[in-house]
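The values are calculated or read from the model by the stated rules, or taken from the named source; none is laboratory data. Bear in mind the structure is a predicted one, so any value in this text is a computation, not a measurement. Here the Cβ positions follow ideal geometry from the backbone for every residue, glycine too, while neighbour counts run over all protein chains shown. Just so you know, the surface numbers come from the protein's heavy atoms only, side chains and all, with ligands and any DNA or RNA stripped out. Shrake-Rupley method; radii C 1.70, N 1.55, O 1.52, S 1.80 Å.
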Amino acid sequence: DAKTTQPNSMESNEEEPVHLPCNHSTISGTDYIHWYRQLPSQGPEYVIHGLTSNVNNRMASLAIAEDRKSSTLILHRATLRDAAVYYCILLSDNNNDMRFGAGTRLTVKP
Amino acid sequence: ETGVTQSPTHLIKTRGQQVTLRCSSQSGHNTVSWYQQALGQGPQFIFQYYREEENGRGNFPPRFSGLQFPNYSSELNVNALELDDSALYLCASSLVGPDTGELFFGEGSRLTVL
């Protein structure tokens, strides 16, 4: 299985942008890049996903490197409610089991 | 709120007992996945059910088993409970295919094995 590498933790100040990196050097051509986050005492929630092109939605942006070996989740203005563990996951089109790593714990300071 | 509900929210069992956890999927979703999340770790994939058939399994022993019903709700059964089975068990519903993008998770059932 293609694996991802993320920093264990990151800190941000409230209302500043946050860039959460993910390395996936063994990604295959059919792997989609998914991001989920898990707030305290809740199940994970979907944030965004993409294949090759950068993606934007109401929650975040996903920037994918041209060689697809890394990606960055961008929160444009961090709020205290964005404090969570963020997971970067690869999912191929012939495999429906989503395998989570340890993720990045984001702390947002007021 | 995702529309995925799990029951019970908390339960305590002793070693050797059996447990059944239940999950009600989001309306219209035909796929259910189960995950185990130990304290401080990411969720670990147990298995997935698609249209009442197992459609993939993680590295869990056969004493972890499941069912999916015609209405797409699901059960996770664990036999011969061990102390290490203490964890948060998460259910997620989805439509088949990675480009559908989104797994909808419930809030989990927290199992404590004494």
| field | B versus A: buried accessible surface, summed, Å² (probe 1.4 Å, to nearest 100) | value | 1600
| message | At q = 0.12, 0.14 Å⁻¹, what log₁₀ I(q)/I(0) does the protein assembly as shown have when each alpha carbon counts as one equal point scatterer in the Debye sum? | response | -0.64, -0.87
| What's the carbon and sulfur percent of the protein assembly as shown's accessible surface, probe 1.4 angstrom, rounded to a whole number? | 46
| If one computes the Cα centroid of the range B:14-49 and of the range A:17-40, what distance in Å separates the two points? | 23
| request: Calculate, axis by axis, the spread of Cα positions in chain A along the three principal axes, and write the results as whole Å, longest axis first. | output: 42, 28, 23
| said: Straight-line reach from residue B:13: which aspartates and glutamates fall under 15 Å, measuring Cα to Cα and dropping same-chain residues less than 8 apart? | reply: B:82, B:84, B:85
| query | residue A:109: which aspartates and glutamates have alpha carbons under 12 Å from its alpha carbon, excluding same-chain residues fewer than 8 sequence positions away? | reply | A:11, A:14, A:15, A:16, A:82
| task | Enter the accessible area per residue of chain A (Å², integer; probe 1.4 Å; all protein chains in place). | result | 51
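Over all residues in B:103-112, what is the mean tally of Cβ atoms on other chains that come within 10 Å of each residue's Cβ? Write down the numbers at each step before the final one.
Working: counts 10, 4, 7, 2, 3, 4, 0, 1, 0, 0.
Taking all residues of B:103-112 together, the mean is 3.
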| said: If the reach is capped at under 26 angstrom between alpha carbons, list the lysines near residue A:69, excluding any in the same chain fewer than eight residues apart. | reply: A:3
| Once amide H atoms are placed 1.01 Å from N in the peptide plane, what residues at a sequence separation of 5 or more from residue B:26, or on another chain, have their amide H within under 5 Å of its amide H? | B:93
| If you take the charge dipole of chain B about its Cα centre, with +1 on Lys and Arg Cβ and -1 on Asp and Glu Cβ, which of B:88, B:49, B:5 is farthest toward its positive end? | B:88
| Once phi is turned into ³J(HN,Hα) by the Karplus curve 6.51 cos²θ - 1.76 cosθ + 1.60 with θ = phi - 60°, what whole-Hz value does each residue of the range A:79-87 show in order, with x for glycine and proline? | 10, 4, 6, 7, 5, 5, 9, 9, 10
| If each of residue A:81 and residue A:66 carries a label point 7 Å out from its Cα toward its Cβ, how far apart are those two points in nm? | 3.8
